[in-house]
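Please see the structure below; I have some questions.
The values are calculated or read from the model by the stated rules, or taken from the named source; none is laboratory data. Computed from a predicted model, the values in this text were never measured in an experiment. Note that we place each Cβ from the backbone using ideal geometry, even for glycine, and neighbour counts take in every protein chain shown.
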Amino acid sequence: MTVPSATAGTLELRIAGDHPSYAGHFPGMPILPGVVLIDAALDALARARGARPTCLEIKVFKFLSPVRPGDLLNLEFQDLADGSIRMTIRSALRIVAAGVVAAAKPRYLAP
């Protein structure tokens with residue numbers, strides 16, 4: 001694991017092999033749901049930086065390969081000039097997901 005700088009770094013993602021989401025997604029062939037993977041990446045980034053934005057927007061995120069129980073994962077991240085964050089999640093050399101998130105402005109719907 002490299003120590004993240006203000007703009008880029010690599011962090012280890014730890015997702016327990018017995019995480020409850022594996023049980024129902026899918027029984028007999030467990031795959032980590034994408035939302036759990038993104039949440040784990042954002043949690044790792046927040047711990048490294050000491051803060052987490054309160055409102056995020058997923059600009060784009062692609063899930064390229066399944067994450068199975070016991071997979072060792074790393075998050076590579078890079079701050080972009082527009083304030084968004086590019087993230088690539090790998091298991092060894094295999095890219096499992098990649099995307100961009102950004103702080104979002106609150107939006108309100110008319111009642």
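So, in the stretch 48-107, of the ones that are among the polar types (S, T, N, Q) and within 30 Å of residue 27 (Cα to Cα), which residue ends up surrounded by the fewest Cβ atoms within 10 Å (Cβ to Cβ)? Before you say what the answer is, go through the steps one by one.
So in the stretch 48-107, the residues among the polar types (S, T, N, Q) come out as 54, 65, 74, 78, 84, 88, 91.
Within this subset, residues satisfying the condition of being within 30 Å of residue 27 (Cα to Cα) are 65, 74, 88, 91.
Working: 65: 14, 74: 18, 88: 17, 91: 18.
If we take residues in the stretch 48-107 being among the polar types (S, T, N, Q) and within 30 Å of residue 27 (Cα to Cα), then 65 is surrounded by the fewest Cβ atoms within 10 Å (Cβ to Cβ).
Within the set of pairs 6 or more residues apart or between chains, which connect a residue that is part of a loop (DSSP other than H, G, I, E, B) inside the stretch 60-76 to a residue that is aromatic (Phe, Trp, Tyr) with Cβ atoms less than 9 Å apart?
Pairs found: 68/22; 69/22.
When residues of the stretch 46-85 are filtered for being within 16 Å of residue 104 (Cβ to Cβ), touching a strand residue (DSSP E or B) at 6+ places or on another chain (Cβ under 7 Å) and either at pLDDT 95 or above or of a type outside the set (Asp, Glu) (or both), how many remain?
Matching residues across the stretch 46-85 total 11.
Can I ask one more? Can you tell me which residues in the stretch 22-55 are more than 12 Å from the chain's Cα centre (by Cα) and either aromatic (Phe, Trp, Tyr) or not in a loop (DSSP other than H, G, I, E, B) (or both)?
Within the stretch 22-55, 22, 23, 24, 26, 47, 48, 49 meet the criteria.
Results for (1) at positive phi; (2) polar (S, T, N, Q); (3) in contact with a helix residue (DSSP H, G or I) (Cβ under 7 Å, 6 or more places away or on another chain), shown as yes or no for each residue.
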{"site": "26", "(1), (2), (3)": "no, no, no"}
{"site": "38", "(1), (2), (3)": "no, no, no"}
{"site": "49", "(1), (2), (3)": "no, no, no"}
{"site": "73", "(1), (2), (3)": "no, no, no"}
{"site": "88", "(1), (2), (3)": "no, yes, no"}
{"site": "97", "(1), (2), (3)": "no, no, yes"}
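Can you tell me which residue in the stretch 15-25 is modelled with the highest pLDDT, limited to those that are among the hydrophobic types (A, V, I, L, M, F, W, C) and surrounded by fewer than 11 Cβ atoms within 10 Å (Cβ to Cβ)?
Narrowing the stretch 15-25 to residues among the hydrophobic types (A, V, I, L, M, F, W, C): 15-16, 23.
Checking which are surrounded by fewer than 11 Cβ atoms within 10 Å (Cβ to Cβ) leaves us with 16, 23.
Numbers: 16: 95, 23: 89.
Among those residues, the one meeting the criterion is 16.
Kindly list the number of the only condition in (1) among the aliphatic types (A, V, I, L, M); (2) modelled with pLDDT under 90; (3) not in a loop (DSSP other than H, G, I, E, B) that fails for residue 1.
Here residue 1 clears every test but (3).
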